[in-house]
1. In a Gaussian network model over the chain where Cα atoms closer than 10 Å are linked, find which of ALA95, ALA37, ALA133 has the largest mean-square fluctuation.
2. Could you provide, to the nearest whole Å², the per residue accessible area of the stretch 95-151 with probe 1.4 Å?
3. Would you grab the residues whose amide H sits under 5 Å from the one on ASP102? Only those 5+ places off in sequence or on another chain, please, with H modelled 1.01 Å from N.
4. Using a basic spin-label model with each label point 7 Å from the Cα along Cα→Cβ, how many nm lie between TRP144 and ASP4?
5. So how do HIS58, HIS6 rank on accessible area, 1.4 Å probe, biggest first, that is with the largest at the start?
6. Looking only at THR138, THR25, THR40, which one moves most when the chain is put into a Gaussian network model with springs between Cα atoms under 10 Å?
7. Within 10 Å of each candidate Cβ there may be at most 13 other Cβ atoms; applying that plus a DSSP loop requirement, which GluC sites (Glu not before Pro) in the stretch 33-95 survive?
8. Using a 1.4 Å probe on the protein chains only, how many percent of the accessible area of the chain belongs to carbon and sulfur?
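The values are calculated or read from the model by the stated rules, or taken from the named source; none is laboratory data. All values reported here derive from a predicted model rather than from experimental measurement. Here the Cβ positions follow ideal geometry from the backbone for every residue, glycine too, while neighbour counts run over all protein chains shown. Keep in mind that these areas ignore ligands, DNA and RNA; they rest on the heavy atoms of the full protein, side chains included. Shrake-Rupley method; radii C 1.70, N 1.55, O 1.52, S 1.80 Å.
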Amino acid sequence: FVRDGHGFVMLGGTKSFASGGYGGTPVDEMLPVECGADDTGQERDMFLPKLTAEGKGHPIFAGCEPFFAGAEKSDLELQGFNRVARVMPGATVLAVNPARGDAPILVVRNYGKGRTAAFTSTGTYNWYRLPAAVGEDTPYVRFWGQIVRWLSGREAKERAVGPGLTLT
């Protein structure tokens, strides 16, 4: 499916990446990170993600950079992340956990004609819930909309015939 030009994202959680038993599976093969063994584990501490240089210029974070550049600790914190064995060759790390030696949080890569992403954390609902509660702008909708568009290869598919996006 992905090799044929579609997108795939794996999100962090208790049954994701190595914790979900995905190490060594076909899903692991296409991800931009290697899941690792079942005991690779998770971290539960709150942290503020940091965009890498590549992340600051990537379409997924377009227009979101200011939120991360001047973020207060509580504004955009995420609750833990899944540790992974390594970033795969050819993948691009867009966001990291600086409190854990720049552990990868969002990594992307092309796979065949398609694209994959690994978002090793959870809790982006805080990106919406907290700022929206006090009437502030939020990166939540923009971020998720842009990640879906990037994974779908929208810019290439707009030039092709047929549907550019299928959500399951």
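1. Its mean-square fluctuation being the largest, the pick is ALA133.
2. Solvent-accessible surface per residue comes out at 45 Å².
3. ASN97
4. 2.7 nm
5. In descending accessible area the options line up as HIS6, HIS58.
6. Sorting by GNM fluctuation, first place goes to THR25.
7. GLU72
8. 53 percent
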